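Worksheet for the structure shown next.
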Amino acid sequence: MRAEQRAAALAAIDADWNPATRGWTVDCQRHYAYLAQLLDEGARLNAITPGVTRHGEDIGRWLATQRRDWNRLNAEQQTRLGKLGVTPARVVRARSTPAKTSAATTSGRGAEAFHKGVTALAQYLAREGGGAPGRSHVERLPDGSEHRTGVWLANQRQRRDRLNPAQLEALAALGVQWAR
């Protein structure tokens with residue numbers, strides 16, 4: 001009886017206090033709340049890509065997973081995400097020929113993510129006076145979002161054969177040796 005009263009009191013304060021009753025996990029509820037916070041603070045949905053974190057949680061990766069696995073979400077999750085502007089990922093058919101690796105992204109989501117990485121790296125270098133960020137470094141951007149700059153830079157290095165000349169030039173201008 002007492003537990004039922006406590007549950008009713010908590011539900012009166014916040015209907016989402018126990019997300020298991022709605023069919024999802026506390027982790028899912030936390031990521032959803034962080035996504036809503038980022039959007040309320042002015043972040044653009046298409047700028048929340050893997051590597052964008054909130055309180056140490058990779059909201060961009062979680063969002064990409066929700067979009068990819070849209071059909072696995074229950075109807076209420078889809079509705080809630082839809083109210084935030086989230087839509088399912090497009091289904092992409094496999095290519096009959098391999099993609100060209102020399103033509104790196106110059107527009108769209110990939111270019112925006114690259115630009116955000118360059119911005120975060122420039123901010124880090126301006127503050128620290130040089131040197132590369134450690135792999136685990138997270139840079140807080142002026143819009144309040146967090147960017148995993150160390151991981152991003154390591155990924156750019158591993159994928160440097162796929163960067164276009166303008167991207168390599170942008171990194172070289174920041175003093176990134178391997179981009180020269």
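Confirm whether residue 120 is buried (at least 19 other Cβ atoms within 10 Å of the Cβ), at pLDDT below 85 and either under 27 Å from residue 45 (Cβ atoms) or of a type in the set (Ser, Thr, Tyr) (or both).
no
Here 175, 131 are screened, and the one residue that is in a loop (DSSP other than H, G, I, E, B), farther than 13 Å from residue 51 by Cα and in contact (Cβ under 8 Å) with a residue 40 or more places away in the chain is 175.
Across region 124-170, what is the total count of residues that are of a type in the set (Lys, Arg) and either at pLDDT below 85 or more than 30 Å from residue 40 (Cβ to Cβ) (or both)?
Of the residues in region 124-170, the ones of a type in the set (Lys, Arg) are 127, 135, 140, 148, 157, 159-160, 162.
Still in the running and either at pLDDT below 85 or more than 30 Å from residue 40 (Cβ to Cβ) (or both): 135, 157, 159-160, 162.
Summing the residues that are of a type in the set (Lys, Arg) and either at pLDDT below 85 or more than 30 Å from residue 40 (Cβ to Cβ) (or both) in region 124-170 gives 5.
Being more than 26 Å from residue 143 (Cβ to Cβ) and either in contact (Cβ under 8 Å) with a residue 24 or more places away in the chain or polar (S, T, N, Q) (or both): is that true of residue 5 here? Give the derivation first.
Values: more than 26 Å from residue 143 (Cβ to Cβ): yes; either in contact (Cβ under 8 Å) with a residue 24 or more places away in the chain or polar (S, T, N, Q) (or both): yes.
Against the criterion (more than 26 Å from residue 143 (Cβ to Cβ) and either in contact (Cβ under 8 Å) with a residue 24 or more places away in the chain or polar (S, T, N, Q) (or both)), residue 5 qualifies.
Filtered by the rule that a residue be within 20 Å of residue 85 (Cα to Cα), modelled with pLDDT of 90 or more and not in a helix (DSSP H, G or I), region 12-55 gives 41, 42, 43, 44, 48, 49, 50, 51, 52, 53, 54.
The values are calculated or read from the model by the stated rules, or taken from the named source; none is laboratory data. Since the model is a prediction, treat every value here as computed from it, not as a measurement. All Cβ positions, even for glycine, are placed from backbone atoms using ideal geometry, and neighbour counts span all protein chains on display.
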